[in-house]
Amino acid sequence: MLDITLLRKDLAAVVARLEARRSPQPFLDVARFQELEAQRKTIQTRTEELQASRNTLSKQIGQLKAKGESADAVMAQVADIKTELDTSAVRLDALQAELQALLLAVPNLPHDSVP
């Protein structure tokens, strides 16, 4: 199985080497890979933003409780963020599985010396 990092960094070179194996290359659905990868990036970025927000709000909860104030509203926001993070994690796992299945169908790249 190919390393996904290679596909992410230089998809055109991978496709060109697969073309050396058989033209047109039937192994990798490039459009589907790009679509899944874009979705993965979007979800991963959103997850990181939510985690940063959750961390900030958690600090606010600690500060409010230290002052003796009510932190219920902030705690509700954190709960909403947790729900969204859980949903994102499920979707990300599904995308990763689909990417894995897509990559399992791709053969090894032929060496440059192969005609």
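The values are calculated or read from the model by the stated rules, or taken from the named source; none is laboratory data. Just so you know, these numbers come straight off a predicted model, no measurement behind them. Neighbour counts are summed over all protein chains in view; Cβ atoms, including those assigned to glycine, are modelled from backbone coordinates with ideal geometry. Surface areas here come from the heavy atoms of the whole protein model, side chains and all, with no ligands, DNA or RNA. Shrake-Rupley method; radii C 1.70, N 1.55, O 1.52, S 1.80 Å.
Would you mind getting me the FRET efficiency between ALA94 and LYS65? Use the beta-carbon distance for r and R0 = 30 Å, nearest 0.05.
Values: r = 37 Å, r/R0 = 1.24.
With R0 = 30 Å, the Cβ-Cβ based efficiency is 0.20.
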(request) Answer with a single label: of (1) 19; (2) 45; (3) 25, which was calculated as percent of Cα pairs over 25 Å apart from the structure in view? (result) (2)
(message) Let me spell out the model: positive unit charges on the Cβ of Lys and Arg, negative unit charges on the Cβ of Asp and Glu, origin at the Cα centre of the chain. What dipole size does that give, in debye rounded to 20?
(response) 180 debye
(message) Show me, for segment 27-37, the HN-Hα J-couplings you get by feeding each phi into the Karplus relation (A = 6.51, B = -1.76, C = 1.60, θ = phi - 60°), rounded to Hz, glycine and proline as x.
(response) 7, 10, 7, 4, 4, 5, 4, 5, 5, 5, 5
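What ranking of ARG21, ARG40 comes out by heavy-atom accessible area, probe 1.4 Å, highest first? Mind showing how you got there, number by number?
Numbers: ARG21 125, ARG40 20 Å².
If we order ARG21, ARG40 from most to least accessible, we get ARG21, ARG40.
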(request) Grab the beta carbon distance between LYS9 and GLU49, set R0 = 25 Å, and tell me the FRET efficiency rounded to 0.05. (result) 0.55
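What is the sum of charges, Lys and Arg at +1 and Asp and Glu at -1, for the other residues whose Cβ falls under 15 Å from the Cβ of ALA101?
Details: positive: ARG32, ARG40; negative: ASP29, GLU35, GLU37, ASP93, GLU98.
Overall, the nearby charge balance is -3.
Apply 1/(1 + (r/R0)^6) to the Cβ-Cβ distance of THR42 and LYS82, taking R0 = 22 Å, and write down the FRET efficiency to the nearest 0.05. Mind dumping the intermediate values first?
Values: r = 20 Å, r/R0 = 0.89.
The computed FRET efficiency comes out at 0.65.
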(request) Would you mind checking the tilt of helix 72-104 against the longest principal axis of the Cα atoms of the chain, expressed as 0 to 90 degrees and rounded to 10? (result) 10 degrees
(message) Given the -39500 (n - 2.57) contribution per DSSP H run of 4+ residues, what per-residue ellipticity at 222 nm results for the chain, rounded to the nearest 500 deg cm²/dmol?
(response) -26500 deg cm²/dmol
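Within the chain, how many lysine pairs that are 8 or more places apart, or on different chains, have C-alpha atoms less than 28 Å apart? List each step's numbers first, then the result.
Numbers: LYS9/LYS41; LYS41/LYS59; LYS41/LYS82; LYS59/LYS67; LYS59/LYS82; LYS65/LYS82; LYS67/LYS82.
Lysine pairs, 8 or more places apart or on different chains, close enough: 7.
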(request) Return the sequence-ordered ³J(HN,Hα) values of segment 2-16 in whole Hz as given by the Karplus equation 6.51 cos²θ - 1.76 cosθ + 1.60 applied to θ = phi - 60°, using x for Gly and Pro. (result) 6, 6, 5, 5, 4, 5, 5, 7, 9, 4, 4, 5, 5, 4, 4
